Amino acid sequence: MITNDIRYVGVNDHEVDLFEGQYLVPNGMAYNSYVIVDDKVAVMDTVDQHFGESWLSNIAAVLGERRPDYLVVQHMEPDHSANIVKFLERYPDATVVGNAKTFVMMAQFFPDAPEMKRLIVKDGETLTLGKHTLTFVFAPMVHWPEVMVSYDSFDKVLFSADGFGKFGALDVEDEWDCEARRYYIGIVGKYGMQVQKLLKAAATLDIAIICPLHGPILKENLGHYIEKYDIWSSYRPEDSGVMIAYASVYGHTKAAAEELARELESRGQKVVLADLAREDMAECVEDAFRYDRLVLASVTYNGDIFPPMHAFLHALTERSFQNRTVAFMENGTWAPAAARIMAAALEKSKNITFAQEKVTMKSAMNQDTKASIRRLAEELAK
Ligand code: FEO
């Protein structure tokens, strides 16, 4: 129970191997859905395709003989919309609430959907259920174009769609910040401007509870979560620290990255080291956005950079990586070129300060490399 009238009817998924086809979710995933019980009954979103029956049972357990009047569709991505037709088979008299874009996508995903009652809402329009009135606030590109969030002024609840979501099922305890950050940067990170717009709209509302479509219901200390979203969506570094991301073939580039880590730590700097070929890429991307300084260390490979570094840089730039200090370490036995190629990859990124010292090594560290690493540590620690 979230409030007297708002009940949780979502599900936990411990079977999913990769969320959205690419994200590791060691603690599973939650697909949240809610029922508002008033003179009229509204169900807020459906759940992933594999959980239709248990979700319908959850609804029935709350409602007993009553039947929902509305299904509000805030987001058409299949992790939330997959059971719309299943819902209508059970409750054919319910009205489906969405905006014009919602229904275009619904027709694309469900070309054989039965006739349904529709309520097409505009930005700012309301739906009165009795005591509860929902106001729909469009939030395009947080995280798809049709997304809208819903505000219930009676219980002061913001149904925030993907916003304020995190990885992890609700029956596993874990820290919000870490998995919410990995979720946000990975999935919504490109759309900072749109999230900023939504935060401005949310600031005008009196919010006591946030009900997202993933992760826990947030009832306390809302300022903390809103502040994190403000930092992430404005691309400001969250913490002081140096992330060293390396792509190494035989371990020499790795050794140089570790040498830099020691030099930085001896100067009192927080350091995070990541092996791009072996660690969760989403975790690496998250750390690049979290800290204010990033060191990229790669071998030269086929006249280019090592593939995991390519993937990493692509993941950063497609998420509008900006406002950071970046340094390069390159290795190459006959023609080191990685630093130039990595710099070119960041050419269009805004407000990047490149470190003056560039570490170049040919095959293995020698005294010159170590001296260069010390100079880089000195520069980054300033
Ligand atoms: Fe949780 Fe954008 O879907």
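Out of everything in the range 53-68 that is more than 19 Å from Val97 (Cβ to Cβ) and in a loop (DSSP other than H, G, I, E, B), what residue ends up being nearest to the ligand (Cβ to nearest atom)? Explain how you work it out, then say what you get.
First, the residues of the range 53-68 that are more than 19 Å from Val97 (Cβ to Cβ): 53-54, 57-58, 60-61, 64-65.
So of that shortlist, the ones also in a loop (DSSP other than H, G, I, E, B) come out as 64-65.
Values: Gly64: 29, Glu65: 31 Å.
In this case the residue turns out to be Gly64.
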| said: Can you pull out every residue in the range 184-195 that is within 14 Å of the ligand (Cβ to nearest atom) and either free of Cβ contacts under 8 Å to residues at least 60 places away in the same chain or surrounded by fewer than 21 Cβ atoms within 10 Å (Cβ to Cβ) (or both)? | reply: Tyr184, Val188, Lys190, Tyr191, Gln194, Val195
| remark: With the first residue restricted to the range 78-96 and required to be in the same structural domain as Arg66 (by TED's automatic domain parsing) and more than 16 Å from the ligand (Cβ to nearest atom), and the second required to be small (Gly, Ala, Ser) and in a helix (DSSP H, G or I), Cβ contacts under 9 Å at 6 or more apart or on different chains are Lys86/Gly52; Phe87/Gly52; Arg90/Ala60
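Taking the range 129-148 only, how many residues are touching a Leu at 6+ places or on another chain (Cβ under 8 Å) and farther than 19 Å from Tyr229 by Cα?
Residues meeting the conditions: 3.
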| Here is a list of conditions, (1) more than 16 Å from the ligand (Cβ to nearest atom); (2) in a helix (DSSP H, G or I); (3) not hydroxyl-bearing (Ser, Thr, Tyr), and Leu71 meets all of them except one; can you say which number that is? | (2)
| request: Could you tell me whether Asp39 is touching a Leu at 6+ places or on another chain (Cβ under 9 Å) and surrounded by fewer than 14 Cβ atoms within 10 Å (Cβ to Cβ)? | output: yes
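Quick test for you: out of Lys382, Lys350, pick the one residue that is within 20 Å of Val272 (Cα to Cα), surrounded by fewer than 22 Cβ atoms within 10 Å (Cβ to Cβ) and of a type in the set (D, E, K, R).
Working: Lys350 fails: within 20 Å of Val272 (Cα to Cα).
Just a single option satisfies the conditions, and that option is Lys382.
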| request: Give the range 11-55 a look and list any residue that's charged (D, E, K, R) and either outside the structural domain of Glu175 (by TED's automatic domain parsing) or out of contact with any helix residue (DSSP H, G or I) (no Cβ under 9 Å at 6 or more places or on another chain) (or both), or say none. | output: Asp17, Asp38, Asp39, Lys40
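Conditions (1) in contact (Cβ under 8 Å) with a residue 60 or more places away in the chain; (2) within 14 Å of Val73 (Cα to Cα), marked per residue:
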position: Val104; (1), (2): no, yes
position: Phe109; (1), (2): no, yes
position: Leu134; (1), (2): yes, yes
position: Val137; (1), (2): yes, yes
position: Met141; (1), (2): no, no
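If only one of Ala256, Ala161 is surrounded by 18 or more Cβ atoms within 10 Å (Cβ to Cβ) and closer than 30 Å to Thr300 by Cβ, which one is it? Before the answer, list the steps.
Details: Ala161 fails: closer than 30 Å to Thr300 by Cβ.
After ruling out the rest, the residue left standing is Ala256.
The values are calculated or read from the model by the stated rules, or taken from the named source; none is laboratory data. No experiment lies behind these values; they were computed from the predicted model shown. Note that we place each Cβ from the backbone using ideal geometry, even for glycine, and neighbour counts take in every protein chain shown.
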